[in-house]
């Protein structure tokens, strides 16, 4: 429990010392969300691509294996038409949030909220077991981790829709 308090304090401190302004951008689509992990440049490239943003509900980054994943789960569950989550970009070396998100999709969580088989250092989320089950049943995750080529991502999305 003390580890969690320290981690939360460090996370809050980083928000002020190293602010990353680009969290997400909303598009006009309904079924597809894109997560660019720690690739901020890719996030901006996708958000500036008018054609892509017509077909994408949201594009955002993911830097943490806990609070960030909880936000993704909440967003996906509150947007009933959302079907696909494309996970692309570079996975952060420390938190390995992409690994945790894929592990969540493949394996779920324990009753205590630990993401099963994640290689992340602290893969605990506060979303309930039931919310995770609903998320896993409704959202198909496409694992494009480490893919940063916008043309490849664009053609991949064209095949989805």
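Observations on the model:
- Residue in the stretch 25-36 that is buried (at least 19 other Cβ atoms within 10 Å of the Cβ), at pLDDT below 95 and not in a loop (DSSP other than H, G, I, E, B) present: no
- Scanning the stretch 78-95 for residues that are modelled with pLDDT of 95 or more and on the phi > 0 side of the Ramachandran plot turns up at least one hit.
- The stretch 115-139, residues that are touching a strand residue (DSSP E or B) at 6+ places or on another chain (Cβ under 7 Å) and surrounded by fewer than 14 Cβ atoms within 10 Å (Cβ to Cβ): 116, 129
- Residues that are surrounded by fewer than 21 Cβ atoms within 10 Å (Cβ to Cβ), in contact (Cβ under 8 Å) with a residue 12 or more places away in the chain and under 23 Å from residue 80 (Cα atoms), drawn from the stretch 105-114: 105, 108
- In the stretch 97-111, of all residues being at pLDDT 95 or above and assigned to a loop (DSSP other than H, G, I, E, B), the one that is nearest to residue 139 (Cα to Cα) corresponds to 108.
- Options 153, 69; residue that is under 25 Å from residue 48 (Cα atoms), modelled with pLDDT of 95 or more, in a helix (DSSP H, G or I) and within 12 Å of the chain's Cα centre (by Cα): 69
- Inspection of the stretch 130-143 identifies at least one residue that is modelled with pLDDT of 95 or more, over 22 Å from residue 30 (Cα atoms) and more than 15 Å from the chain's Cα centre (by Cα).
- First in the stretch 92-104 and surrounded by 21 or more Cβ atoms within 10 Å (Cβ to Cβ), second anywhere and at pLDDT below 95 and assigned to a helix (DSSP H, G or I), Cβ under 7 Å, 6 or more apart: 97/68
The values are calculated or read from the model by the stated rules, or taken from the named source; none is laboratory data. From a predicted model like this one, the values you see are computed outputs, not experimental measurements. When we count neighbours, we look across all protein chains shown, and the Cβ atoms used for this are built from the backbone with ideal geometry, even at glycine.
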